[in-house]
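The values are calculated or read from the model by the stated rules, or taken from the named source; none is laboratory data. Bear in mind the structure is a predicted one, so any value in this text is a computation, not a measurement. Accessible surface areas use protein heavy atoms only, side chains included; no ligands, DNA or RNA. Shrake-Rupley method; radii C 1.70, N 1.55, O 1.52, S 1.80 Å.
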Amino acid sequence: MKTKNFVLVSALAFGMFACGEDEVAPESAQVSLAFNTVKTSTGISNANERVLASGLSFSSGFITIREVQFEAESDTDSVEVNFEQVTKIDFATGASTPDISGLVIPTGTYREVEVEVELQDGGDEPAVVLNGTFTYDGVSHPVRFEFNSGETFEVEKEGVITFAGGESIVAQVTFDPNAWFLEVESEQLSVATKNAEGVVVISETQNTNIFEIVADGLDLATEVEISK
């Protein structure tokens with residue numbers, strides 16, 4: 001199992017304290033997690049003609065997470081919590097089942113946050129399945145990306161982050177799989193092997209040369225924004 005380092009735009013970890021209460025305690029802030037997915041490339045290109053805006057897009061699929069470990073430090077104290085819940089995120093809509101809402105974090109000012117997010121592993125289906133198309137020389141090819149490992153993603157942030165009592169907060173997590181494919185050359189996808197249904201499947205067992213490049217790019221794909 002590999003560990004990836006993400007750039008933390010804001011504080012994903014704050015959504016990981018299970019509350020179980022309908023009302024927010026005065027000494028706590030309530031957090032809900034929302035998910036956003038980027039279905040079409042934003043136009044990233046380079047001299048090697050890797051996957052361009054018009055070449056690759058994803059329209060459906062899912063991402064399944066199973067556990068989040070959170071640690072935060074203030075000037076006077078530290079908090080560490082493990083949150084376990086299998087949650088499936090619909091890639092087409094960003095909807096999560098079940099919702100990750102009604103969670104709490106103790107109020108306070110934090111100066112350092114570390115989070116580990118683990119994908120689901122060992123189930124009947126891969127943790128990540130994305131369906132899309134790749135267009136090359138005017139021809140469209142169906143593509144499916146499958147990632148079936150309990151990958152752990154480590155997220156760190158340093159800086160002052162303050163949560164007041166009774167606040168309702170939304171942490172929106174954005175997944176951009178096009179960034180995972182940033183180092184894949186268009187030519188590699190155009191000659192990739194197709195299955196019996198004519199789909200280019202990229203997985204640990206099919207088109208493994210492309211899969212290894214994409215797996216190494218997973219840490220480019222996630223951002224988090226906090227709104228109050």
Solvent-accessible surface ranking, highest first, for Glu183, Glu151 at 1.4 angstrom: Glu183, Glu151
Amide H within-cut-off set for Gly217, under 5 Å, with H built and near neighbours excluded: none
Heavy atoms of Ile100 accessible to a 1.4 Å probe, total area in Å² rounded to 10: 10 Å²
Solvent accessible area, Å² - Ser190, 1.4 Å probe, full protein context: 40 Å²
Hydrodynamic radius (Kirkwood) for region 60-100, which is based on Cα pairs only, to one decimal in Å: 11.9 Å
Residue-level accessible surface for Val86, protein heavy atoms, 1.4 Å, Å²: 80 Å²
3J(HN,Hα) from dihedral phi, region 180-197, Karplus parametrisation 6.51/-1.76/1.60, rounded to Hz, x for glycine, proline: 4, 8, 4, 8, 8, 7, 4, 4, 5, 5, 5, 10, 5, 6, 9, 7, 4, 8
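How do Arg111, Arg144 rank by accessible surface area computed with a 1.4 Å probe, from largest to smallest?
Arg111, Arg144
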Geometric extent, Cα atoms of region 106-200 - Rg, Dmax (angstrom): 19.6, 57
Accessible surface, 1.4 Å probe, highest first, among residues Asp75, Asp99: Asp75, Asp99
